[in-house]
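Engineer: My questions will all concern the structure given below.
Every number here is computed from the coordinates shown, using simple stated rules; none is lab data. None of the values given here were measured: they were computed from a predicted structure. Here the Cβ positions follow ideal geometry from the backbone for every residue, glycine too, while neighbour counts run over all protein chains shown.
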Amino acid sequence: MTDNARLAVQDLADQANLPSDGGLRIAAAGDAPGDFDLALVAEPTPTDEVIDLGTTHVFVAEATAPVLATLSLDAEATGEATAFSLTPQA
């Protein structure tokens, strides 16, 4: 995870007034390989992998974790929105 992604997740969680256990959840989207759903949630599901960012968290669905293991999450501000991307780790 890049520093831009960490800051973006923290900013989004703060703006959404998530509880201290909340964060960004990443899960596979349907049956299409490489498509992911990202959502701000109040807590992880019991089987999520939890990445602690200090003031917030990233939760990765159990079935999605192996797919993301070789990828890095990045973020870029695009006007009033934030765009996330996954790229191979260097």
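Engineer: Each label point is 7 Å from the Cα along the Cα-to-Cβ direction; what then is the distance between the points at GLN15 and THR70, in nm?
Structural biologist: Those two pseudo-labels are separated by 3.3 nm.
Engineer: What residues qualify as long-range amide H neighbours of LEU40, i.e. H under 5 Å apart, gap of 5 or more or another chain, H built at 1.01 Å from N?
Structural biologist: Answer set, sorted by chain and number: ARG25.
Engineer: Could you grab the relative contact order for region 1-60? Cα pairs under 8 Å, six or more apart, rounded to a whole percent.
Structural biologist: Details: 90 pairs, mean separation 21.2, N = 60.
This gives 35 percent for region 1-60.
Engineer: How large is ³J(HN,Hα), in whole Hz, for each residue of region 76-84 in order, when computed from phi with the Karplus curve 6.51 cos²θ - 1.76 cosθ + 1.60 and θ = phi - 60°, using x for Gly and Pro?
Structural biologist: After applying 6.51 cos²θ - 1.76 cosθ + 1.60, I find 9, 6, 10, x, 8, 10, 10, 9, 9 Hz.
Engineer: Using the basic label-point model (7 angstrom from Cα toward the beta carbon), what is the GLU43 to LEU86 distance in nanometres?
Structural biologist: So the label points at GLU43 and LEU86 sit 2.6 nm apart.
Engineer: Could you give each residue of region 39-52 its phi-based ³J(HN,Hα) in whole Hz, using Karplus coefficients 6.51, -1.76, 1.60 with θ = phi - 60°, and x for Gly or Pro?
Structural biologist: 8, 7, 10, 6, 6, x, 7, x, 9, 5, 7, 10, 10, 7
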